[in-house]
Every structure is written in structure tokens, then in C-alpha cells.
């Protein structure tokens, strides 16, 4: 009995007791911490694209909205799409926005107060409780499917929940409507899906304008888009478009750099506002995206409100672009601002069919402007229209290519959005959040790296640990 009592007083027992006590305390702390975290619903977005975290643009925009906005998440319990649910939950409590979950089975007639469309599970109805406006955001718009040609089936490839919901919030809280008319009849470049998506998320409606039969530009035209025509306008069409601009119209022009047609009247619309269009397309080895493709320009960002938001990590890329120059003597009411330009070593290839990118005798020396913003206060000062003529012109319709618009990796999207905001009016905030890819990212490892890490992890580290253990064992054995 005495031996048992002494064992409780031994150093070994005390050390064991301390270790047990520490283990119990740690276990209690871990359990308590888990309970607290679960209660507080704390989550961390570890996805590479911050898939489930609202962007700073959305946070800033929504936080400033004064109207009371409700997001009705239409879904049965247990049928939630995780990607959509996590994004929707992030809006709850942001500014004056709240999220309310509604079961469409329990409340089958609820949605009819806001939309005539049939509701699907995981749809979101965005309602401005202040002015009564509402907009439906469907699940199919938030989860974009594409064909997988390996499995020959449709698979979800893109998450666009934030982009669609933020656009809907903009739509129901905006006091102004913007309508963009695009000209047709001259083989203009068709707007691709990404450009249309930018316009849709910016709440800009689009309508076609057949200038050949038009007597004037419609009164509800907020922005006139001339999107890379390959054939010229007639004199009558020029007069219609010129009249619209002189009365304080807003326009966005994209040039088609490789057209072989004479564009007399189209280019006259620009020369009327101090801009000359150069022949051919630009070669700029020092200012190109790739040395192998010196016609793929990465122009210099000039001091302009429309380019100031392009970050140092972004590049604006313009594949195959026309050059422009500003006339030296322009009227006092006219201001032409250079947005982007080439390097001094640039030149324009005047022979479109030339088989070489090397400079030839007829080529035109640079530098050139590749994007310009124009403001003419003549209409504002003399016509009493209350606003000036404003034009943004890009040297190539390739500026709006999907590759350079669909993500914020390139600066094209930022410049385009700023240009749309500028033309829409200072009171309008144009914001279009790009979608996030759900494709699995694969890591490519060189064979030499595989061998190195295999030897390191399988051979070297185990041998080092074995050596350390053997050294400690021998030392203790001697003691």
C-alpha cells in the first residue's frame, strides 16, 4: 500500500498528470472554439479566384444605395446550390440589402407579385422596396453551362452569381435608363457575347439603327455605337449622324483596321472633331504583347480619366489597330484627349496585303494615338441642349474581343466600362462584374522536378530523420 502511495508522489506520475491535464484543457478549448465558430458561422474563402467573396466594386456600390433592397432566394430546404447560396448570403446586411429565403412550393404565388416568368429553384428575385422595381435573376444565368466535347454533355463551367445579382441591384435602383443604338448595313462587327454581357450588366439596352433608311437618330438614343464598319456610309447617312452629334450626341466608334474600302464619310465624322485616321495598321515592336506579333499592341496609358483605373498588373491589348492623330488647329470648343498611344518607333503598314512586317518605303512613321476621347461644348453653349457632344474612339474593333473582355486580367474591360460610364453621364455608375471560371486548375510539374521532390521526400528527409533519431539514441545510451 505504501508503494502505491509513493508512486503517486513520484516525478513520473506528476509529469504524466501534467500532460494529461494539458491534453484535457486543449481538447476542451478545441471543442469550445469549434462551437463558437459554428455559432458565429465564420467561413473563409480559400478558392483561388475568391469565388464566394464579393468584389470591392460590388461592396462599394451596394453600400452606397439608400433604397431598401430585398433579395428573395427562391429555394426549398435541402435543394440549395452551394455556389449560389454562398454568394447570395454575402449580400445580407450589406448597406440596406437583406436576404430572405422563400420556398416556392410553400409560397407558390409569391413570385407573381414581381414577375410573370416561371420560377425555378435557386432563382433570385431582386426587389427595390422603395420604388417597387423588381428583376428576376435565374439560376441558368448564374451558373453558365458549356458543352464538354470529351463527354459530349453540358457542364457548368462558370459562376456568374455576383455579376448578375449586382447588375439586377443596379437596374432596380437606377433612376435613369440608357439605350445604345448600333448602326447596321455596312458589315459592322457583330457584338460578341462578352460585349453584350457587359452592356447587359451595365443595364444598357441595345437597339439596331438601320442608317440607310433612318431620317434621324431616335430621341431615346443615349449612346450611338458604330462598331467597325467595313464599308462607308453614304452622304445622306453622314448628314443624319453628323446632325445627331452636333446636337450634343454621345457616340462610341470602333475602327476596322484592315478594310480596303475608302471610308470617306465615316472618317469625316471623326475629322469634324479634330481626329485624322491614318492608312494601314500599326506595327510596334517595342509596344507589342509579343515580339512574334508586333501588331498586337500593348499601348501606353496616357493621363486620362478613362484609363486611370487600369492597374500596373493589367495590360490593354489591341490586336491589329489603326493609328490616329490629332489635328494641330482645332476650334476653341473642342477638346481631344489622348487615352492610349504607341511608342515612338511605331509605324503604319499602308499595304494591307504586304507579306512582311518590316518597315517599307510607303509606311507612315508614328507615334500614333490608338484611343481618344472627344468633347465639344459647342452644342452645350450655343444650342441650349444642356450637354456637350462626347465621343470615344478606338483604333480597332478587336479591342472588344472576348479574350480581353471576359476577365479583369486585361485592362480592356476597365477602359470599356469607364468609357460607357463617361458617355452615359456622370450620374451613372457602370459596373459589370466578370464571371468566375469553375474549371479545375491543373498544376504542370516538370519531370526533373518530380524526380527531385521524390528523392527529397522519399529518401533524403527520412534518412535525415533516421540519422537524428539514431544520434539521440546513442547519446542517451552512453549516458
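Residue under question is residue 294, and the condition is that it be modelled with pLDDT of 90 or more, more than 13 Å from residue 369 (Cβ to Cβ), in the same structural domain as residue 414 (by TED's automatic domain parsing) and surrounded by 14 or more Cβ atoms within 10 Å (Cβ to Cβ); does it hold? For residue 294, the condition - modelled with pLDDT of 90 or more, more than 13 Å from residue 369 (Cβ to Cβ), in the same structural domain as residue 414 (by TED's automatic domain parsing) and surrounded by 14 or more Cβ atoms within 10 Å (Cβ to Cβ) - is met.
The numbered conditions (1) at pLDDT 85 or above; (2) not in a loop (DSSP other than H, G, I, E, B) are all true for residue 191 except (2).
In the stretch 437-455 there is at least one residue that is over 23 Å from residue 335 (Cα atoms), out of contact with any helix residue (DSSP H, G or I) (no Cβ under 8 Å at 6 or more places or on another chain), surrounded by 15 or more Cβ atoms within 10 Å (Cβ to Cβ) and at pLDDT below 85. Among the residues of the stretch 111-125, those that are within 17 Å of residue 77 (Cα to Cα) and at pLDDT below 90 comprise 119, 120, 121.
Just to be sure before I move on: is residue 313 modelled with pLDDT under 90, surrounded by fewer than 22 Cβ atoms within 10 Å (Cβ to Cβ) and more than 18 Å from residue 391 (Cβ to Cβ) in the structure I sent? Show your work before the answer.
Details: modelled with pLDDT under 90: yes; surrounded by fewer than 22 Cβ atoms within 10 Å (Cβ to Cβ): yes; more than 18 Å from residue 391 (Cβ to Cβ): yes.
Answer is yes for this residue.
Exactly one residue out of 94, 61 is within 25 Å of residue 172 (Cα to Cα), modelled with pLDDT under 85 and assigned by TED's automatic domain parsing to the domain that holds residue 134, and it is 61. Screening residue 362 against (1) farther than 27 Å from residue 57 by Cα; (2) buried (at least 17 other Cβ atoms within 10 Å of the Cβ); (3) out of contact with any helix residue (DSSP H, G or I) (no Cβ under 7 Å at 6 or more places or on another chain) leaves a single unmet condition, (2). Between 325, 356, the distinction of being under 17 Å from residue 281 (Cα atoms), outside any loop (DSSP other than H, G, I, E, B) and without any contact (Cβ under 8 Å) to a residue 60 or more places away in the chain belongs to 325 only.
Within the stretch 332-340, at least one residue is more than 21 Å from residue 281 (Cα to Cα) and not in a strand (DSSP E or B).
Which is within 15 Å of residue 373 (Cβ to Cβ) and either free of Cβ contacts under 8 Å to residues at least 12 places away in the same chain or in the same structural domain as residue 341 (by TED's automatic domain parsing) (or both), of 299, 229?
Numbers: 229 fails: within 15 Å of residue 373 (Cβ to Cβ).
Matching residue, one of 299, 229: 299.
Comparison of 342, 313 shows that the only residue that is under 22 Å from residue 405 (Cβ atoms) and out of contact with any strand residue (DSSP E or B) (no Cβ under 7 Å at 6 or more places or on another chain) is 313. Picking from residues in the stretch 8-58 that are at pLDDT 75 or above, in contact with a helix residue (DSSP H, G or I) (Cβ under 9 Å, 6 or more places away or on another chain) and outside any loop (DSSP other than H, G, I, E, B), the one that is farthest from residue 174 (Cα to Cα) is 57.
Conditions tested, residue by residue: (1) in a loop (DSSP other than H, G, I, E, B); (2) within 31 Å of the chain's Cα centre (by Cα); (3) under 22 Å from residue 216 (Cβ atoms).
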residue	(1), (2), (3)
248	yes, yes, yes
251	no, yes, yes
256	yes, yes, no
259	yes, yes, no
265	no, no, yes
269	no, yes, yes
282	no, yes, no
289	no, yes, no
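The values are calculated or read from the model by the stated rules, or taken from the named source; none is laboratory data. Here the structure is a predicted model, which is why all the values come from computation and not from measurement. Because the Cβ atoms are built from the backbone with ideal geometry, glycine has one as well, and the counts that use them run over all protein chains shown.
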